[in-house]
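Undergrad: The structure that follows is given in the form of structure tokens.
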Amino acid sequence: MKMKQAIIVAAGKSSRLYPRTLDCPKGLLEINGKPILQTSIDQIKKCGIEKVSIVTGYMHDVFPKRLKSVDRFIVNPFYGQCNNLGSLWIAKPYVLEEPLLYLHGDIVYDINILKQSIEKMENSDAELGLVVDFKKSDDEAMKVEIDPNGKFISSSKQIPLDRAAGEWIGIALFRRPSHIFKQFEEDLLAGDLQNYDTYSFTNFSNKNNEVICISTEQKNWIEIDFESDFIQAKKLFSK
């Protein structure tokens, strides 16, 4: 299994970062003089992944002017009516039937998280790999629940804190994209377009598909949702 393609979703308005994101999509905010998304693109390419596509929505016309080395920009015209699951599904026509790296566009991370995750996924037989920071979580986190043997059970924000083993950081790896995209379509057709991608990951696991959790091994990463996250990201990843 060799990973050659990546999809990044970056369609939302990011209203929790207003006024900073009123005239600049979150993924184009700069750290060390470079857009967050450009740093992610560069890191993906350094890991040997040849094709990087980005799903945009809010201020979609700005992205091509600011980003380099992107193979395709995919516009989600329904970004205001759906969540990241819908944005990911929009990319379906452009996804090849080969292993796929999937990322959220608002994360800043140590490149070694990506390197070790790709290596572990390539050496496993799992259908889906979720990169997890095994730490104490908070209510806002996309929490992950595992059984006593370390097997994935579910991921959502609603998991009680005392059952959370850690937090999914917004990076996933798919062995057979068509296999899991069938789950995405089924869940979207069920009618709730506001479901997160983790809703489908959980349903996919419940159908006896193997889902593994790949540890960040305590390497630095941060998801930027609020102003305090952006400030913290600048501190963590300053040159």
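Undergrad: Name the residue that is farthest from the chain's Cα centre (by Cα), counting only residues in region 64-88 that are outside any loop (DSSP other than H, G, I, E, B), crowded, with 21+ Cβ neighbours inside 10 Å and not aliphatic (A, V, I, L, M).
TA: It comes out as 86.
Undergrad: Then there's this: Can you name every residue in region 92-125 that is crowded, with 20+ Cβ neighbours inside 10 Å and farther than 21 Å from residue 185 by Cβ?
TA: Across region 92-125, the qualifying residues are 105, 106, 107, 108, 109, 113, 114, 117, 118, 121.
Undergrad: Now for a different question. Might you check whether a residue that is within 18 Å of residue 199 (Cβ to Cβ), part of a strand (DSSP E or B) and of a type in the set (Lys, Arg) occurs anywhere in region 89-111?
TA: no
Undergrad: With the condition kept exactly as written, say whether any residue in region 134-142 is out of contact with any Gly (no Cβ under 8 Å at 6 or more places or on another chain), at pLDDT 95 or above and of a type outside the set (D, E, K, R).
TA: Taking every residue of region 134-142 in turn, none turns out to be out of contact with any Gly (no Cβ under 8 Å at 6 or more places or on another chain), at pLDDT 95 or above and of a type outside the set (D, E, K, R).
Undergrad: Can you work out which of the residues in region 173-191 that are in contact with a strand residue (DSSP E or B) (Cβ under 6 Å, 6 or more places away or on another chain) and under 23 Å from residue 78 (Cα atoms) is surrounded by the fewest Cβ atoms within 10 Å (Cβ to Cβ)?
TA: Result: 177.
Undergrad: Something else now. Tell me which residues, restricted to region 48-58, are closer than 24 Å to residue 22 by Cα and either in a loop (DSSP other than H, G, I, E, B) or at pLDDT below 95 (or both).
TA: Passing the criteria: only 58.
Undergrad: Just to check your reading of the model, which residue among 238, 155 is assigned to a strand (DSSP E or B) and within 29 Å of residue 15 (Cα to Cα)?
TA: Result: 155 is the single residue among 238, 155 that is assigned to a strand (DSSP E or B) and within 29 Å of residue 15 (Cα to Cα).
Undergrad: Step by step: first the residues of region 158-184, then only those that are of a type in the set (Lys, Arg) and in a helix (DSSP H, G or I), then the one that is farthest from residue 43 (Cα to Cα). Which residue is that?
TA: 163
Undergrad: Further question: Residue 225 versus (1) in contact with a Lys or Arg (Cβ under 7 Å, 6 or more places away or on another chain); (2) of a type in the set (D, E, K, R); (3) in a helix (DSSP H, G or I): which is the lone unmet condition?
TA: (3)
Undergrad: Report, by residue number, each residue of region 192-239 that is among the small types (Gly, Ala, Ser), within 30 Å of residue 179 (Cα to Cα) and crowded, with 19+ Cβ neighbours inside 10 Å.
TA: Hits for region 192-239 are 200, 205.
Undergrad: Give me the pairs, please: first residue somewhere in region 11-36 and at positive phi, second residue anywhere and assigned to a helix (DSSP H, G or I), beta-carbon distance under 6 Å, and either six or more positions apart or on two chains.
TA: 14/26
The values are calculated or read from the model by the stated rules, or taken from the named source; none is laboratory data. Because the structure is predicted, anything quoted here is derived from the model rather than measured. Here Cβ is always computed from backbone atoms with ideal geometry, including for glycine, and neighbour counts include all displayed protein chains.
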